[in-house]
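Undergrad: Input: one structure, supplied below.
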Amino acid sequence: MNSDSPKKPETVSVLVPTPSPVPYTYALKSGDIARPGTIVQVPLGPRQVSGVVVKDMPDTKPVDPKKLREVTQIFDCPPLAADMLRFVGWVADYTLSAPGMVARMVLRSPTAFEPEPPIKGILPTGSQPERLTDARRRVMAQVAENPEMAWTRSGLAHATGVTLSVVDGLAKLGVFEPIDLPPRPVVARPVSDYAQPDLTEEQRQVADGLAASVADADFSVTLLEGVTGSGKTETYFEAIAETLDRGKQVLVLLPEIALTQTFLERFHDRFGAEPAPWHSGLAPKARERIWRQVAEGNLRVIAGARSALFLPFENLGLIIVDEEHDAAYKQEDRVFYNARDMAVVRAHLGNFPIILASATPSVESRYNAEQGKYKYQRLERRYAGAALPILKCIDLRKSPPQRGGFLSPALLEAVQQTLDRGEQSLLFLNRRGYAPLTLCRACGHRFECPDCSAWLVEHRFRRQLVCHHCGHSEHVPDACPECGTFDHLVACGPGIERIAEEALASFPDARIMVLSSDMMGGVKRLRLEMEAIAKGEADIVIGTQLVAKGHNFPNMTLVGVVDADLGLSNGDPRAAERTFQLLHQVTGRAGRTGKPSVGLLQTFQPEHPVMQAIVSGDMDTFYEKQIADRELGKMPPFGRLASIIISANSRAEAQDHGRALRMAAPNAKDVLVLGPAEAPLALVRGRHRFRLLVHGAQRTDIQAYLREMISAAPSPRGSVRVQLDVDPQSFL
Ligand code: ADP
Ligand code: ZN
């Protein structure tokens with residue numbers, strides 16, 4: 001080494017939000033130190049971005065000192081914990097994403113990196129004012145009760161019923177001195193023994209088992225299985241209590257957090273405070289404060305959507321994934337990941353337990369539990385002997401609806417009987433809008449999205465035709481745009497608005513409520529309507545998947561599934577499992593409080609294994625069959641899958657790049673590459689799509705295989721984009 005060269009500046013490796021597979025190197029201002037996990041601001045091209053300092057990689061090439069740029073700012077923020085940093089790297093490797101893009105999911109709240117400003121307060125100095133008015137006397141009396149206590153100006157004024165100027169006047173006289181109060185926590189601290197539950201014998205055993213896993217303070221996965229209403233939530237609350245007692249943080253993942261008001265309330269009943277929420281609907285200010293307080297360890301329990309997995313927990317000690325089978329845990333945007341699977345990884349890296357809860361677990365989790373890879377806890381009975389609904393199929397071949405209708409006589413009669421008893425019915429159809437297809441009876445023209453390969457869905461209340469993929473919408477025209485014929489457009493097939501119309505025609509005096517995610521007024525209105533239903537303010541509820549999730553409607557005793565076959569025919573390898581889970585969940589809405597209840601499934605194939613499993617309640621046989629099928633087809637968990645999705649502005653470009661990738665596929669005896677095939681959703685937002693499917697054996701290192709394939713292929717050019725999806729859930 002040449003000792004004459006000028007002293008090299010200290011450098012750090014920083015993950016920045018770019019597609020680069022490696023961190024960038026930056027110089028530190030002299031005297032600065034930044035250990036791994038530190039959050040910094042750095043220049044990136046013309047911009048300033050947030051990044052996180054990571055360990056230097058062994059093969060980091062020294063950067064030309066002339067090109068080296070300096071770290072702009074080191075934030076006054078707790079550094080990310082070591083297990084969180086490892087998690088970022090792990091997710092990047094597993095999903096074949098750039099580590100900087102995964103880090104970006106952690107660093108989403110840039111203004112949270114600066115400490116929250118303290119609250120301005122006042123502290124009594126002990127001195128007394130010379131002249132006492134009535135108002136001043138009240139203030140001094142209050143202060144005398146606890147002379148050490150700091151107040152906010154308005155808090156003290158409010159508590160004593162005086163105006164702010166009285167308090168300020170006393171401060172001016174030296175009765176108070178200014179003091180900085182710590183920022184208020186977003187929610188109060190949960191108290192582990194606030195309200196001890198009275199668990200049944202079965203629940204107690206399960207709760208003890210879960211709490212024991214927490215006490216082990218070691219990595220473990222438990223599958224908590226039990227029918228809706230058996231007390232899964234009640235029992236995993238005990239694991240939360242145990243974790244709180246150990247001074248650690250808890251993360252509860254929920255698939256539909258914006259709507260789980262009941263969960264927040266139940267948590268409050270048990271722990272005396274709500275958990276902090278985390279979802280995309282939060283106001284920016286709330287997000288920042290929650291992020292910061294999670295990082296500081298001041299928030300103990302977070303209940304959130306999948307993105308909560310990337311919060312910077314200071315001392316996480318338990319994760320619960322409720323409804324672990326739910327497809328909403330899969331993110332299909334930028335970084336494609338399954339939050340359920342990554343949560344297991346997070347627990348493993350952090351060396352703490354994780355609980356996966358579901359009435360209808362994913363086949364993968366069920367298999368792992370049966371194999372003893374996961375601990376297995378089952379609740380066999382509904383709480384308080386509440387009977388499960390009696391489930392029956394309505395064979396639409398034998399009992400067809402009236403012409404133009406979608407509700408069979410048998411279902412209509414059941415609704416009538418429910419009305420007569422003064423109880424509630426749910427008509428479930430997982431399709432928003434009025435009709436999924438509109439066509440012209442004169443020329444056969446079908447209304448299709450100009451930018452997607454999808455029919456436009458009629459929304460009659462809004463008088464619009466809408467694309468459910470890109471949001472494109474147009475007015476329903478009076479004449480066919482193709483042939484010009486007036487008044488010949490017909491709606492084909494039902495959506496919930498159409499079912500509402502039919503229900504209204506059949507039951508003109510009933511109070512009917514329609515619920516779906518695209519309803520005006522958003523989450524807030526939905527929540528209010530849910531509450532109204534729970535209070536019995538509707539007789540017939542018509543809704544999509546949204547109503548199926550986690551709501552308790554005490555007076556609901558009939559659930560009618562308008563089209564039980566809907567999910568079975570879309571070419572998805574998980575179609576049967578998905579349909580089973582959905583139907584089970586929806587019918588489970590009935591009879592939550594002990595009244596006898598019924599679930600009716602309208603189907604053209606009552607002999608289908610899914611319908612049989614639902615009706616008989618014999619879940620074990622269903623899972624056995626599913627697992628056997630998966631094993632036969634070497635499908636997960638008996639094999640590995642990854643999708644490569646190629647999109648481009650022109651069909652030819654997408655196809656050509658798909659072919660080039662296929663040519664670059666390495667030879668491996670355990671791996672089969674299928675495609676490129678035009679995607680079922682061939683056009684989305686004006687982009688043409690092709691897919692390749694990589695199918696490997698159980699032991700295949702599918703990431704290594706994909707890496708080799710991508711690096712051997714030409715880089716995508718022009719408008720071509722390539723997206724990798726390891727463990728795909730959707731094949732559209
Ligand atoms: P799951 O999560 O399995 O659907 P929950 O924990 O939500 O079941 O319980 C269903 C209902 O029964 C809830 O309203 C809950 O408050 C009630 N419940 C369950 N177990 C008990 C218990 N031991 N004591 C009182 N209420 C209970
Ligand atoms: Zn579209």
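The values are calculated or read from the model by the stated rules, or taken from the named source; none is laboratory data. This one's a predicted model, so the numbers in the text were calculated from it and none came from an experiment. Heads up, the Cβs are rebuilt from the backbone with ideal geometry, glycines too, and the neighbour counts pull from every protein chain shown. Protein only, heavy atoms only, side chains kept; ligands, DNA and RNA dropped before computing areas. Shrake-Rupley method; radii C 1.70, N 1.55, O 1.52, S 1.80 Å.
Undergrad: Among the residues of the stretch 304-344, what is the count of those that are within 30 Å of residue 575 (Cβ to Cβ), away from ligand 1 (no atom under 16 Å from the Cβ) and in a loop (DSSP other than H, G, I, E, B)?
TA: 6
Undergrad: I'd like to know if the stretch 434-443 contains one or more residues that are touching a residue at least 12 places away in the same chain (Cβ under 8 Å), open to solvent by 10 Å² or more (accessible area, probe 1.4 Å) and farther than 29 Å from residue 602 by Cβ.
TA: Within the stretch 434-443, one or more residues are touching a residue at least 12 places away in the same chain (Cβ under 8 Å), open to solvent by 10 Å² or more (accessible area, probe 1.4 Å) and farther than 29 Å from residue 602 by Cβ.
Undergrad: Just wondering, is there one or more residues in the stretch 442-460 that are out of contact with any helix residue (DSSP H, G or I) (no Cβ under 9 Å at 6 or more places or on another chain), of a type in the set (Asp, Glu) and within 17 Å of residue 547 (Cα to Cα)?
TA: Filtering the stretch 442-460 down to residues out of contact with any helix residue (DSSP H, G or I) (no Cβ under 9 Å at 6 or more places or on another chain) leaves 442-457.
Now restrict to residues that are of a type in the set (Asp, Glu): 448, 451.
Okay, now just the ones that are also within 17 Å of residue 547 (Cα to Cα), so none.
No, every residue in the stretch 442-460 fails to be out of contact with any helix residue (DSSP H, G or I) (no Cβ under 9 Å at 6 or more places or on another chain), of a type in the set (Asp, Glu) and within 17 Å of residue 547 (Cα to Cα).
Undergrad: Right, next: Please determine, by comparing only the residues of the stretch 257-288 that are buried (at least 23 other Cβ atoms within 10 Å of the Cβ) and assigned to a helix (DSSP H, G or I), which one is farthest from ligand 2 (Cβ to nearest atom).
TA: This residue is 271.
Undergrad: Any idea how many residues of the stretch 506-526 are of a type in the set (Gly, Ala, Ser) and either part of a loop (DSSP other than H, G, I, E, B) or out of contact with any Gly (no Cβ under 9 Å at 6 or more places or on another chain) (or both)?
TA: 4
Undergrad: If the requirement is being away from ligand 1 (no atom under 15 Å from the Cβ) and either over 23 Å from the mean Cα position of the chain (by Cα) or in the same structural domain as residue 617 (by TED's automatic domain parsing) (or both), which of these qualifies: 212, 195?
TA: 212
Undergrad: Determine whether residue 205 is surrounded by fewer than 19 Cβ atoms within 10 Å (Cβ to Cβ), within 16 Å of ligand 1 (Cβ to nearest atom) and part of a helix (DSSP H, G or I).
TA: yes
Undergrad: Given the conditions (1) basic (Lys, Arg); (2) open to solvent by 30 Å² or more (accessible area, probe 1.4 Å); (3) modelled with pLDDT under 90, which single one is not true for residue 578?
TA: Residue 578 satisfies every listed condition except (3).
Undergrad: Within the stretch 617-651, how many residues turn out to be open to solvent by 30 Å² or more (accessible area, probe 1.4 Å) and more than 30 Å from residue 381 (Cα to Cα)?
TA: Qualifying residue count, the stretch 617-651: 9.
Undergrad: Every residue in the stretch 552-573 that is assigned to a loop (DSSP other than H, G, I, E, B) and either crowded, with 24+ Cβ neighbours inside 10 Å or touching a Cys at 6+ places or on another chain (Cβ under 9 Å) (or both), please.
TA: 562, 564
Undergrad: Can residue 372 be described as small (Gly, Ala, Ser), away from ligand 1 (no atom under 16 Å from the Cβ) and in the same structural domain as residue 341 (by TED's automatic domain parsing)?
TA: So residue 372 fits the description; yes.
Undergrad: OK, next. Identify all residues within the stretch 703-730 that are under 15 Å from residue 95 (Cα atoms), open to solvent by less than 30 Å² (accessible area, probe 1.4 Å) and part of a loop (DSSP other than H, G, I, E, B); write none if there are none.
TA: Passing the criteria: 728, 729.
Undergrad: Taking the conditions exactly as written (in contact (Cβ under 8 Å) with a residue 60 or more places away in the chain, over 25 Å from residue 95 (Cβ atoms) and open to solvent by 10 Å² or more (accessible area, probe 1.4 Å)), does residue 323 satisfy them or not? Please lay out each step first, then the result.
TA: Numbers: in contact (Cβ under 8 Å) with a residue 60 or more places away in the chain: yes; over 25 Å from residue 95 (Cβ atoms): no; open to solvent by 10 Å² or more (accessible area, probe 1.4 Å): yes.
When the stated conditions are applied, residue 323 does not pass them.
Undergrad: Hey, another quick one. Scan the stretch 129-147 and tell me whether some residue there is open to solvent by 40 Å² or more (accessible area, probe 1.4 Å), outside the structural domain of residue 354 (by TED's automatic domain parsing) and closer than 30 Å to residue 292 by Cα.
TA: no
Undergrad: Kindly check whether there is at least one residue in the stretch 671-679 that is of a type in the set (D, E, K, R), out of contact with any strand residue (DSSP E or B) (no Cβ under 7 Å at 6 or more places or on another chain) and either touching a residue at least 12 places away in the same chain (Cβ under 8 Å) or open to solvent by 40 Å² or more (accessible area, probe 1.4 Å) (or both).
TA: First, the residues of the stretch 671-679 that are of a type in the set (D, E, K, R): 678.
Remaining after also requiring out of contact with any strand residue (DSSP E or B) (no Cβ under 7 Å at 6 or more places or on another chain): none.
Looking for residues that are of a type in the set (D, E, K, R), out of contact with any strand residue (DSSP E or B) (no Cβ under 7 Å at 6 or more places or on another chain) and either touching a residue at least 12 places away in the same chain (Cβ under 8 Å) or open to solvent by 40 Å² or more (accessible area, probe 1.4 Å) (or both), one finds none in the stretch 671-679, hence no.
Undergrad: So is residue 12 of a type in the set (A, V, I, L, M, F, W, C), open to solvent by less than 70 Å² (accessible area, probe 1.4 Å) and at pLDDT 95 or above or not?
TA: Judged against the criteria, residue 12 is not a match.
Undergrad: Considering 416, 371, 377, which residue is modelled with pLDDT of 95 or more, polar (S, T, N, Q) and touching a helix residue (DSSP H, G or I) at 6+ places or on another chain (Cβ under 6 Å)?
TA: Answer to the check: 377.
Undergrad: May I ask you to list the residues in the stretch 468-500 that are in a loop (DSSP other than H, G, I, E, B), under 30 Å from residue 688 (Cβ atoms) and more than 16 Å from ligand 2 (Cβ to nearest atom)?
TA: Of everything in the stretch 468-500, those that are in a loop (DSSP other than H, G, I, E, B), under 30 Å from residue 688 (Cβ atoms) and more than 16 Å from ligand 2 (Cβ to nearest atom) turn out to be 476, 477, 480, 481, 482, 483, 493, 495.
Undergrad: Further question on the same structure: Report yes if residue 612 is of a type in the set (S, T, N, Q) and open to solvent by 40 Å² or more (accessible area, probe 1.4 Å), otherwise no.
TA: Values: of a type in the set (S, T, N, Q): yes; open to solvent by 40 Å² or more (accessible area, probe 1.4 Å): yes.
Against the criterion (of a type in the set (S, T, N, Q) and open to solvent by 40 Å² or more (accessible area, probe 1.4 Å)), residue 612 qualifies.
Undergrad: Working only within the stretch 382-413, note down all residues that are of a type in the set (D, E, K, R), farther than 30 Å from residue 490 by Cα and surrounded by fewer than 18 Cβ atoms within 10 Å (Cβ to Cβ).
TA: Of everything in the stretch 382-413, just one residue is of a type in the set (D, E, K, R), farther than 30 Å from residue 490 by Cα and surrounded by fewer than 18 Cβ atoms within 10 Å (Cβ to Cβ), namely 392.
Undergrad: Can you name the number of the only condition in (1) part of a strand (DSSP E or B); (2) surrounded by fewer than 16 Cβ atoms within 10 Å (Cβ to Cβ) that residue 465 fails?
TA: Among (1) part of a strand (DSSP E or B); (2) surrounded by fewer than 16 Cβ atoms within 10 Å (Cβ to Cβ), residue 465 violates only (2).
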